[in-house]
Amino acid sequence: MKHNAPHPQAGRTVTVAPAAAVFGHGDCTPFDYRIEDWNDRVFGRSWQDMIGNPAALGYAVRSATASLPTDNEVVYGHDSRGLGHLVHVSELRQRTHEEPAR
(Lines give C-alpha, C1' and ligand atoms only; values in the text may rest on other atoms or scores of the structure.)
Protein backbone atom coordinates (compact mmCIF):
# COMPACT_ATOMS: atom_id res chain seq x y z
CA MET A 1 0.00 0.00 0.00
CA LYS A 2 1.43 3.37 -1.02
CA HIS A 3 -0.53 5.68 1.28
CA ASN A 4 -0.11 5.16 5.01
CA ALA A 5 -2.23 8.13 6.09
CA PRO A 6 -5.76 9.09 5.04
CA HIS A 7 -6.25 11.52 2.18
CA PRO A 8 -6.37 15.08 3.61
CA GLN A 9 -9.93 15.52 2.29
CA ALA A 10 -11.26 12.10 3.30
CA GLY A 11 -14.86 12.43 4.45
CA ARG A 12 -15.31 15.77 2.68
CA THR A 13 -17.34 16.70 -0.36
CA VAL A 14 -15.37 18.30 -3.17
CA THR A 15 -16.06 19.12 -6.78
CA VAL A 16 -14.67 16.85 -9.48
CA ALA A 17 -13.74 18.49 -12.77
CA PRO A 18 -13.42 15.29 -14.80
CA ALA A 19 -10.80 15.07 -17.52
CA ALA A 20 -13.04 12.52 -19.30
CA ALA A 21 -16.68 11.55 -18.86
CA VAL A 22 -17.51 9.66 -15.66
CA PHE A 23 -20.02 6.79 -15.77
CA GLY A 24 -23.48 8.08 -15.04
CA HIS A 25 -22.60 11.70 -15.72
CA GLY A 26 -22.49 11.61 -19.53
CA ASP A 27 -19.99 14.39 -20.05
CA CYS A 28 -17.23 16.37 -18.35
CA THR A 29 -19.54 18.58 -16.30
CA PRO A 30 -18.20 19.09 -12.75
CA PHE A 31 -20.06 17.23 -10.00
CA ASP A 32 -20.02 16.81 -6.23
CA TYR A 33 -18.02 13.91 -4.86
CA ARG A 34 -17.53 12.71 -1.30
CA ILE A 35 -14.02 11.33 -0.86
CA GLU A 36 -13.83 8.13 1.15
CA ASP A 37 -10.02 7.83 1.07
CA TRP A 38 -7.08 6.89 -1.12
CA ASN A 39 -8.07 3.96 -3.31
CA ASP A 40 -5.26 1.74 -2.02
CA ARG A 41 -6.35 2.36 1.58
CA VAL A 42 -9.98 1.49 0.79
CA PHE A 43 -9.27 -1.63 -1.28
CA GLY A 44 -5.80 -2.60 -0.05
CA ARG A 45 -4.24 -2.50 -3.51
CA SER A 46 -3.61 -0.36 -6.57
CA TRP A 47 -6.56 0.37 -8.83
CA GLN A 48 -4.53 -1.39 -11.57
CA ASP A 49 -4.82 -4.67 -9.63
CA MET A 50 -8.57 -4.51 -9.04
CA ILE A 51 -9.59 -6.83 -11.86
CA GLY A 52 -13.32 -6.76 -12.51
CA ASN A 53 -14.03 -3.83 -10.19
CA PRO A 54 -16.41 -1.44 -12.00
CA ALA A 55 -14.83 1.71 -10.52
CA ALA A 56 -11.35 0.56 -11.55
CA LEU A 57 -12.55 -0.36 -15.04
CA GLY A 58 -14.16 3.05 -15.42
CA TYR A 59 -10.99 4.80 -14.31
CA ALA A 60 -8.88 2.69 -16.69
CA VAL A 61 -11.05 3.81 -19.62
CA ARG A 62 -11.02 7.44 -18.47
CA SER A 63 -7.26 7.42 -17.90
CA ALA A 64 -6.66 6.09 -21.41
CA THR A 65 -9.13 8.52 -22.98
CA ALA A 66 -7.90 11.65 -21.19
CA SER A 67 -4.25 10.69 -20.64
CA LEU A 68 -4.71 10.76 -16.88
CA PRO A 69 -1.68 9.58 -14.92
CA THR A 70 -1.55 5.85 -14.23
CA ASP A 71 0.05 6.43 -10.84
CA ASN A 72 -1.72 5.63 -7.58
CA GLU A 73 -2.68 9.20 -6.72
CA VAL A 74 -6.29 8.09 -6.99
CA VAL A 75 -9.10 8.46 -4.49
CA TYR A 76 -12.30 6.47 -4.10
CA GLY A 77 -15.58 8.16 -3.30
CA HIS A 78 -19.22 8.58 -4.22
CA ASP A 79 -21.24 11.01 -6.27
CA SER A 80 -24.52 12.46 -5.01
CA ARG A 81 -26.42 9.37 -6.23
CA GLY A 82 -24.16 7.04 -4.27
CA LEU A 83 -22.25 5.66 -7.27
CA GLY A 84 -18.62 4.84 -6.48
CA HIS A 85 -15.90 6.28 -8.70
CA LEU A 86 -12.13 6.52 -8.82
CA VAL A 87 -10.82 10.01 -9.44
CA HIS A 88 -7.26 11.22 -9.93
CA VAL A 89 -6.22 13.97 -7.51
CA SER A 90 -5.60 16.28 -10.47
CA GLU A 91 -9.37 16.25 -11.09
CA LEU A 92 -10.31 17.41 -7.57
CA ARG A 93 -11.39 20.97 -6.85
CA GLN A 94 -12.13 22.15 -3.36
CA ARG A 95 -15.61 23.56 -2.97
CA THR A 96 -15.97 26.93 -1.37
CA HIS A 97 -18.98 27.86 0.69
CA GLU A 98 -20.27 30.03 -2.15
CA GLU A 99 -20.27 27.28 -4.76
CA PRO A 100 -23.69 25.68 -5.30
CA ALA A 101 -24.02 21.92 -4.98
CA ARG A 102 -24.59 20.17 -8.28
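Pairs under 8 Å by beta carbon, first residue buried (at least 23 other Cβ atoms within 10 Å of the Cβ) in the stretch 72-89, partner part of a strand (DSSP E or B) and basic (K, R), six or more apart or different chains?
Note: pairs meeting the criteria are G77/R34.
What do you reckon, is H7 farther than 16 Å from S90 by Cα, in contact with a strand residue (DSSP E or B) (Cβ under 6 Å, 6 or more places away or on another chain) and not hydrophobic (A, V, I, L, M, F, W, C)? Break it down into steps so the answer makes sense when it comes.
Details: farther than 16 Å from S90 by Cα: no; in contact with a strand residue (DSSP E or B) (Cβ under 6 Å, 6 or more places away or on another chain): yes; not hydrophobic (A, V, I, L, M, F, W, C): yes.
So H7 fails the test.
Just name the residue that is least open to solvent (accessible area, probe 1.4 Å) out of those in the stretch 25-55 that are free of Cβ contacts under 8 Å to residues at least 40 places away in the same chain, in contact with a strand residue (DSSP E or B) (Cβ under 6 Å, 6 or more places away or on another chain) and within 16 Å of D79 (Cβ to Cβ).
Checking each candidate, the answer is A55.
Restricting the stretch 56-71 to residues that are aliphatic (A, V, I, L, M) and buried (at least 16 other Cβ atoms within 10 Å of the Cβ), which is nearest to Y33 (Cα to Cα)? Give the steps one after another, and end with the answer.
If we filter the stretch 56-71 for residues that are aliphatic (A, V, I, L, M), which is where we start, we get 56-57, 60-61, 64, 66, 68.
Narrowing further to those that are buried (at least 16 other Cβ atoms within 10 Å of the Cβ): 56, 60, 68.
On the way: A56: 16, A60: 19, L68: 18 Å.
Among them, the one singled out is A56.
Return the total of residues in the stretch 14-23 being free of Cβ contacts under 8 Å to residues at least 60 places away in the same chain and either open to solvent by 20 Å² or more (accessible area, probe 1.4 Å) or touching a His at 6+ places or on another chain (Cβ under 9 Å) (or both). Before the answer, list the steps.
Filtering the stretch 14-23 for residues free of Cβ contacts under 8 Å to residues at least 60 places away in the same chain gives 20-21.
With either open to solvent by 20 Å² or more (accessible area, probe 1.4 Å) or touching a His at 6+ places or on another chain (Cβ under 9 Å) (or both) added as a condition, the list becomes 21.
So the count comes out to 1.
Let's see how each residue does on (1) within 17 Å of L92 (Cα to Cα); (2) of a type in the set (S, T, Y); (3) over 14 Å from the mean Cα position of the chain (by Cα):
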residue	(1), (2), (3)
M1	no, no, yes
A17	yes, no, no
G24	no, no, no
C28	yes, no, no
T65	no, yes, yes
T70	yes, yes, no
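So R62 fits all but one of (1) closer than 19 Å to G26 by Cα; (2) modelled with pLDDT under 90; (3) among the basic types (K, R); what number is the exception?
Condition (2) is where R62 drops out.
Since G11 meets every condition but one in (1) surrounded by 17 or more Cβ atoms within 10 Å (Cβ to Cβ); (2) assigned to a loop (DSSP other than H, G, I, E, B), which condition does it not meet?
For G11, the exception is condition (1).
The values are calculated or read from the model by the stated rules, or taken from the named source; none is laboratory data. In this text the structure is predicted, and so the values were computed from the model without any measurement. Heads up, the Cβs are rebuilt from the backbone with ideal geometry, glycines too, and the neighbour counts pull from every protein chain shown. Surface areas here come from the heavy atoms of the whole protein model, side chains and all, with no ligands, DNA or RNA. Shrake-Rupley method; radii C 1.70, N 1.55, O 1.52, S 1.80 Å.
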